[in-house]
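First the structure, in the form of structure tokens, and then the observations on it.
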Amino acid sequence: MNAPLGALDRPNSYIGRSVSRPNAARLLAGRGRYVTDLVLLRMLHVAFLRSPYAHARIVSIDAEAARAMPGVRLVATGPDLARLCTPWTGTLDHFKGMKSAPQLPLPIEEVLWSGQAVVAIVAETRAQAEDAAEAVTVAFEELPAVVEVDHARAPGADRAALAVADNLCFGSRLDTGGIDGVFADAAHVVEEEFHFGRHTAVTLEPRAILADWDPSEGKLTVHHATQTPYQFQDLYSRHYGIPEASVRVVAPDIGGSFGMKLHVYPEDMAVVGLSMLCGRPVKYVADRIEAFVSDIHARDHRVRARMALDDDGTILAMDVDDVTAIGAFSTYPRTSAVEGNQVIRLMGAPYRFHSYRAELSVVFQNKVQTSQYRAVGHPIACAVTERLVDLAAAKVGLDPVAMRERNLIADDAYPCASPTGYQFEALSHQASLAKLKAMMDYDGLRAEQAALRQRGIHRGIGIASFVEISNPSPAFYGIGGARISAQDGAILTVTPSGEVRCQISVTEQGQGTETIVGQVVADQLGVPRERVRVITGDTETTPHGGATWACRGAGIGGETALQAARKLRGNVLAIAASILQAQAGELDMRDGVVVDAASGTERVSLSEVARIAYFRSDTLPRDLSAQLSVAHHHAPQGYPFAFTNGVQGCHVELDVETGFVKILKHWVVEDCGRIINPLLVDEQVRGGVVQGLGAAFFEECRYDENGQLTNGSLADYLVPMACEMPDIVVGHIETPTADTELGAKGCGEAGTAAASAAALNAVNDAMSPFGARIAQIPMTPARLLKALGTI
Amino acid sequence: MSAHLPITLSVNGEELTRRVEPRETLADFLRRDLGLTGTHAGCEMGACGACLVMLDGLPVHACLIFAVQAAGATIQTVEGLTESAAIADLQSVFHTRNALQCGFCTPGMLVAAHGLLSRCAMPSREEIRDALSGNYCRCTGYEAIVDAIETVARRRAGEAASSMAEEPA
Ligand code: FES
Ligand code: FES
């Protein structure tokens, strides 16, 4: 009885419709409630004294003077919290041989990076806590800092963390066999060494947490700016030994996350213990300087890669060596090896070739840890692959688009597998490229480029095809022993007034999760969208689920909502049928009214059904069990991941005198399966592109040789600004996944996945008349001038 | 940590007298002392624009001035601009155009846009992008924000034109 999804010609057909976000109104009025804003009675504030050294032993801590300062309620060190909180280790079982030093909220003996929190000072105000922090004296004994990745990998190198035997966190190898032979026999080989800078999320709201331990009930409530409240409920429960049901984690409005706010941070774990020690709420908000030295960073890869081709430009093989430096320990609970693992598995993903070899080394060093941030691994795999494809095109004498047309996996070749073992259900590389070419007026741009070159104006055009991982199954983390859910749950209720409440485990950080869930529920139930209220982000009121990461909100959360709504609709129609003495199968619900499915004649309103069920159950037959709440869980089945794909184009103008690049325009064609809300998808893509362009041109965490971050402020670390960013044209191909009814896949990372690759190709294209090339991002003016031989 | 000082100022149309620490920024004063948490702090060094408020009719960074310096001033925060409906059209177009995601930059963006449109009625897209250069947004990629401001400028110009046309000759 279900109408085709995405058909927009029925009442309440919201799937596929651009509608605005109900919850945005509050943010626009300045009525958002971020953790940063929250105030609880008797709330205390914590400031942390941080290590000035990249690597050092803690010799002694003298906090007597600080304890006597005004407003100070507690000064806590590593041993104080270690008595309450068990240590954690960021490894996963399916990453064989992986190792990492155990972590505690505050270190006891050794500090591992400059900026690591060492002492917690809790006071009535943050200013008092900061004043007192200055009165704490810590004697450190400096240890050799491991900073450079080659230094870290050298035999007999100093260790970044004394608790692990050497600096190799994890190594992995993929080999389809016979690679050396393929390269030896190939007509063409192209190769390059790539450098990807460290960068970081810079959410506009820094990390924030407010823990409230109530000793009378033994109950912990944590207001936590995170994407994954259930994960933290589990972690706080297990590491602090509090029964899970006595731990409540609430994630209210969150000022950006992008993966950064789903990791365990020592300060956050400390705040829970500090609240237990004080018996009062304790709040911590990272200031921007602290954010730079304690939020996870991402990327930091050096990739040596080569590609073998036959005569006519057909790709035969890739051979890749990725070395990534992750800081002094692996992040918990998702580890810091996932990015490298995805880099070597996503290499060459859009292309048809069978021979592949890759080596991955994940290396410790004394910097803040890296871990999952938007588009984990994708930008690296994409930039390496796409740059090699462009180099190959030049070598073979093909236009970059023609080169891709020759090598992309054909749209009719699915299902198929990548040489790295990924299973692709159905992708649309060819259609996407054709669409991009038309959208860009590619041939026109090439003609214009040639004409402008005559006049000394150097424009470049870059193309990058990509594959994105979304909707991960337990193959991602669960299999490795991490208690990270791949399923989601929803409780859907018709209220006594006939309104609908949906409590669901996917979470909102502004992407529009609540909106699309509301659209799916309203659509599938047959009620106006305004009557659906979606509630997220509170472990006490929503079922346990994976929440929002790896682009799972629409695909898994949306499907959960769809199935729950269909279940509830069945229940409503059964009650209505009984009231109307009709057959449920002959009824339908439209606009909140139960109607005859065939004629559309209105029979009884949903609110009347609810009134009767809640208040006059005496008028219903005894054997009718009126269930106006349903609970439903959905876990992805079928393919381990729902892959999405797309292609991006970047158009730049390079000033060869100054090395400055103006990004003229950027295009994206992406295929995220069924689109629930085009408006929101486009904005996800645009936001993602800008983060990718930031990485391509501006963003880099720079360290000196002592492991000190030298640009850790918003004045020094360059975040893309409005005036530097281009307009971004977004187009779509829709290839729904058949693994779910809804058919939606993710879209939040697509923009970031390929934007830097397209930019890298565009800049290289602009430099090609000079015989110059670059394989490092960010492409700063200085690096470009160096590539051009000017400096 | 020196003694608190009394200040009197107007915030969102209300005259207030409060005692503040000399080192307290206007942003902290608004957020903490007055509970006006619509003004956000993203960097506390004048770089991100999340803390913009109108001070005597001009956008200023509330993180860069001390509360004591605002004595005698007239402040409008996003809450006040909302109540007075001064930015209602901006808010409504931001909403329909989805010119916000997490919303953390949004109050500052609205204040910046309000300031821009009061000094330049019909800015070009480049001028809008330039005017937003002190406002970081990490979520949207800016284009929707530029679109929204451009739309409001056009609408205001259209309304101004049609109200002029309606004037009797
Ligand atoms: S908080 Fe004032 S400009 Fe960033
Ligand atoms: S909407 Fe999140 S920072 Fe602008």
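The figures follow:
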{"read-out": "All positions within region A:173-206 that are open to solvent by less than 20 Å² (accessible area, probe 1.4 Å) and part of a strand (DSSP E or B)", "value": "A:VAL190, A:PHE194, A:PHE196, A:GLY197, A:ARG198, A:HIS199, A:THR200"}
{"read-out": "Pick from region A:436-479, criterion small (Gly, Ala, Ser) and not in a helix (DSSP H, G or I), ranking: nearest to A:ASP93 (Cα to Cα)", "value": "A:ALA475"}
{"read-out": "Residue check for A:LEU433: closer than 26 Å to A:ASP319 by Cβ, open to solvent by less than 20 Å² (accessible area, probe 1.4 Å) and outside any helix (DSSP H, G or I)", "value": "no"}
{"read-out": "So A:ARG374, is it more than 26 Å from A:ALA225 (Cα to Cα) and either open to solvent by 10 Å² or more (accessible area, probe 1.4 Å) or among the small types (Gly, Ala, Ser) (or both)", "value": "no"}
{"read-out": "Candidate set from region B:150-165 (those that are surrounded by fewer than 17 Cβ atoms within 10 Å (Cβ to Cβ) and among the hydrophobic types (A, V, I, L, M, F, W, C)); member that is farthest from ligand 1 (Cβ to nearest atom)", "value": "B:ALA165"}
{"read-out": "Those strands (runs of 3 or more DSSP E) lying entirely in region A:529-602 with at least 1 residues closer than 19 Å to A:ILE254 by Cβ", "value": "A:532-535"}
{"read-out": "Residue check for A:GLU741: touching a Leu at 6+ places or on another chain (Cβ under 7 Å), of a type in the set (Asp, Glu), more than 27 Å from A:ALA413 (Cα to Cα) and in a loop (DSSP other than H, G, I, E, B)", "value": "no"}
{"read-out": "Counted residues, region A:380-430 - those being modelled with pLDDT of 95 or more, of a type outside the set (A, V, I, L, M, F, W, C) and buried (at least 21 other Cβ atoms within 10 Å of the Cβ)", "value": "9"}
{"read-out": "Subset of region A:715-739 [within 22 Å of the chain's Cα centre (by Cα) and at the interface with chain B (Cβ under 9 Å from one of its Cβ atoms)]", "value": "A:VAL719, A:PRO720, A:MET721, A:MET725, A:ILE728"}
{"read-out": "Test: residue in region B:43-57 that is surrounded by fewer than 19 Cβ atoms within 10 Å (Cβ to Cβ) and more than 13 Å from chain A (Cβ to nearest Cβ)", "value": "yes"}
{"read-out": "Strands (runs of 3 or more DSSP E) within region A:243-310 that include 3 or more residues without any contact (Cβ under 8 Å) to a residue 60 or more places away in the chain, among the basic types (Lys, Arg) and crowded, with 24+ Cβ neighbours inside 10 Å", "value": "none"}
{"read-out": "Within region B:60-83, considering residues that are surrounded by fewer than 23 Cβ atoms within 10 Å (Cβ to Cβ) and more than 14 Å from chain A (Cβ to nearest Cβ), the one nearest to the chain's Cα centre (by Cα)", "value": "B:VAL60"}
{"read-out": "Options B:ASP89, B:ASP147: the member that is within 16 Å of ligand 2 (Cβ to nearest atom), surrounded by fewer than 24 Cβ atoms within 10 Å (Cβ to Cβ), touching a residue at least 40 places away in the same chain (Cβ under 8 Å) and charged (D, E, K, R)", "value": "B:ASP147"}
{"read-out": "Yes/no for B:LEU30 being part of a loop (DSSP other than H, G, I, E, B), more than 16 Å from ligand 2 (Cβ to nearest atom) and either touching a residue at least 12 places away in the same chain (Cβ under 8 Å) or within 13 Å of the chain's Cα centre (by Cα) (or both)", "value": "no"}
{"read-out": "Filter result (within 16 Å of ligand 1 (Cβ to nearest atom) and crowded, with 24+ Cβ neighbours inside 10 Å) within region B:114-137", "value": "B:LEU132, B:ASN135, B:TYR136, B:CYS137"}
{"read-out": "Conditions (1) open to solvent by 20 Å² or more (accessible area, probe 1.4 Å); (2) assigned to a loop (DSSP other than H, G, I, E, B); (3) not assigned by TED's automatic domain parsing to the domain that holds A:GLY646; number of the one not met by A:ALA482", "value": "(1)"}
{"read-out": "Candidate set from region A:215-242 (those that are under 19 Å from A:LEU44 (Cβ atoms) and either free of Cβ contacts under 8 Å to residues at least 12 places away in the same chain or not in a strand (DSSP E or B) (or both)); member that is most open to solvent (accessible area, probe 1.4 Å)", "value": "A:SER216"}
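Residue-by-condition table, conditions (1) farther than 15 Å from A:ALA757 by Cβ; (2) within 14 Å of another protein chain (Cβ to nearest Cβ); (3) more than 19 Å from the chain's Cα centre (by Cα); (4) among the β-branched types (Val, Ile, Thr):
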| residue | (1), (2), (3), (4) |
| --- | --- |
| A:GLU653 | yes, no, yes, no |
| A:GLY692 | no, yes, no, no |
| A:PHE698 | yes, yes, yes, no |
| A:TYR703 | yes, no, yes, no |
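The values are calculated or read from the model by the stated rules, or taken from the named source; none is laboratory data. Every value quoted in this text rests on a predicted model; they were computed, and no experiment measured them. In this analysis, Cβ positions are derived from the backbone assuming ideal geometry, glycine residues included, and neighbour counts consider all displayed protein chains. These accessible areas exclude ligands, DNA and RNA; they are computed on the full protein's heavy atoms, side chains included. Shrake-Rupley method; radii C 1.70, N 1.55, O 1.52, S 1.80 Å.
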